[in-house]
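Step one of this worksheet: look at the structure below.
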Amino acid sequence: MAPKLIERRQKQEVLLQLGDNPAVALLGPRQAGKTTLARVIARERNGVYIDCNNRRTRAILQEQGVASYADRHAGRLIVIDEIQRREDLFTDLRVIIDERRLQGIETGCFLLLGSAAMKLVNKSTETLYGRLAKVSLGPLDVLEVASDDQKEIEKLWLRGGLPASFVADSDAQSFKVREQIVDILIGGKVTREGLRISAAKIQRLCVFLARSQGRAINSSSAAMQLDMDRRSVRSFIDLLSGHLMARALPPFSQNFKKKLVKTPKFYYRDSGLLHQLLEIENA
């Protein structure tokens, strides 16, 4: 039996932005449902989907170029997934978009998906300025699940809003799904980006941050407790934030100078991942 497909509120926002812009970037953490939503939109609009994680796709783009691919699918929406794997495409996309504008085609050309948010935003803003709109897709929220169903609300709180975790057949299965997501995080998909930290230390740091949910994190103090380098702690927190898995909430202060020196509070964005790290399997 196929898992239930939950209608995402951001779908209408993506369609609206595609109607006004040549390209839209759909940004969100891994497993938030970006690919599923993009495939639904592509199917409804007779679009085409390519994945930069796929070796064959990368080989085709390398050999033929994205311009040639776009020409073959002129008039159709092109969805490019995991575009942070091919940041060099942004320059080509700018050329394609400008050429299509000269032909009178000004909207709905590309839907770009990425999970390395800050890196992708900075690169795309620089290269596709004035050509790209951005839409954020986070985990499922209470309005998408069932705002008046207390059991569903409690399930959302326990399992979190990552779709595969939320729709699992049982709390135990949901916990396993989240365990796999954390294993991917610790195993290197996020940490490949230059951080030299052992898997064991990353595990301890992830749990430490979970136990510090909602508190200000002092990198020096955390590093001493975990026998780590302060810069490594800070870099990993920045990495989690950049991949939209965590949020650093700036302090509120009417005094701007005090606000600059105060430490932001740390939050995992998804309650399900938080509960997995804290080993909370049921309510």
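The set of residues in segment 198-221 that are closer than 16 Å to MET245 by Cα and among the small types (Gly, Ala, Ser) comprises ALA210, SER212, GLY214. For segment 203-231, taking the residues that are among the small types (Gly, Ala, Ser) and touching a helix residue (DSSP H, G or I) at 6+ places or on another chain (Cβ under 7 Å), the one that is nearest to PRO250 (Cα to Cα) is identified as SER219.
Conditions (1) farther than 22 Å from ARG30 by Cβ; (2) at pLDDT below 90, marked per residue:
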{"residue": "ILE197", "(1), (2)": "no, yes"}
{"residue": "ALA210", "(1), (2)": "no, no"}
{"residue": "GLN213", "(1), (2)": "no, no"}
{"residue": "GLN225", "(1), (2)": "yes, no"}
{"residue": "SER235", "(1), (2)": "no, yes"}
{"residue": "LEU239", "(1), (2)": "no, yes"}
{"residue": "HIS243", "(1), (2)": "no, yes"}
{"residue": "PRO264", "(1), (2)": "yes, yes"}
{"residue": "ASP270", "(1), (2)": "no, no"}
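Somewhere in segment 139-154, is a residue of a type in the set (Gly, Ala, Ser), at pLDDT below 95 and either crowded, with 20+ Cβ neighbours inside 10 Å or in a loop (DSSP other than H, G, I, E, B) (or both)? Among the residues of segment 139-154, at least one is of a type in the set (Gly, Ala, Ser), at pLDDT below 95 and either crowded, with 20+ Cβ neighbours inside 10 Å or in a loop (DSSP other than H, G, I, E, B) (or both), which makes the answer yes. Within the bounds of segment 43-61, is there any residue that is touching a residue at least 24 places away in the same chain (Cβ under 8 Å), outside the structural domain of LEU244 (by TED's automatic domain parsing), of a type in the set (Val, Ile, Thr) and closer than 28 Å to ARG9 by Cβ? Within segment 43-61, one or more residues are touching a residue at least 24 places away in the same chain (Cβ under 8 Å), outside the structural domain of LEU244 (by TED's automatic domain parsing), of a type in the set (Val, Ile, Thr) and closer than 28 Å to ARG9 by Cβ. Taking segment 155-185 as the range and being in a loop (DSSP other than H, G, I, E, B), over 17 Å from the mean Cα position of the chain (by Cα) and not hydroxyl-bearing (Ser, Thr, Tyr) as the test, the residues that pass are VAL167, ALA168, ASP169.
The residue list ARG101, ARG72 contains one member that is of a type in the set (Lys, Arg) and free of Cβ contacts under 8 Å to residues at least 40 places away in the same chain, which is ARG72.
Counting just the residues of segment 169-184 that are in contact (Cβ under 8 Å) with a residue 60 or more places away in the chain and crowded, with 20+ Cβ neighbours inside 10 Å, which one comes out farthest from ILE237 (Cα to Cα)?
Of all residues in segment 169-184, those in contact (Cβ under 8 Å) with a residue 60 or more places away in the chain come to 171-172, 174-175, 178-179, 181-182, 184.
Now narrow it down to the ones that are crowded, with 20+ Cβ neighbours inside 10 Å: 174-175, 178, 181.
On the way: SER174: 25, PHE175: 23, ARG178: 19, ILE181: 17 Å.
Per the stated criteria, the residue is SER174.
Restricting attention to segment 159-168, does a residue exist that is surrounded by fewer than 17 Cβ atoms within 10 Å (Cβ to Cβ) and either modelled with pLDDT of 95 or more or in the same structural domain as ARG43 (by TED's automatic domain parsing) (or both)? Checked segment 159-168: no residue is surrounded by fewer than 17 Cβ atoms within 10 Å (Cβ to Cβ) and either modelled with pLDDT of 95 or more or in the same structural domain as ARG43 (by TED's automatic domain parsing) (or both).
The values are calculated or read from the model by the stated rules, or taken from the named source; none is laboratory data. In this text the structure is predicted, and so the values were computed from the model without any measurement. Cβ coordinates were reconstructed from backbone atoms using ideal geometry, including for glycine residues, and neighbour counts include every protein chain displayed.
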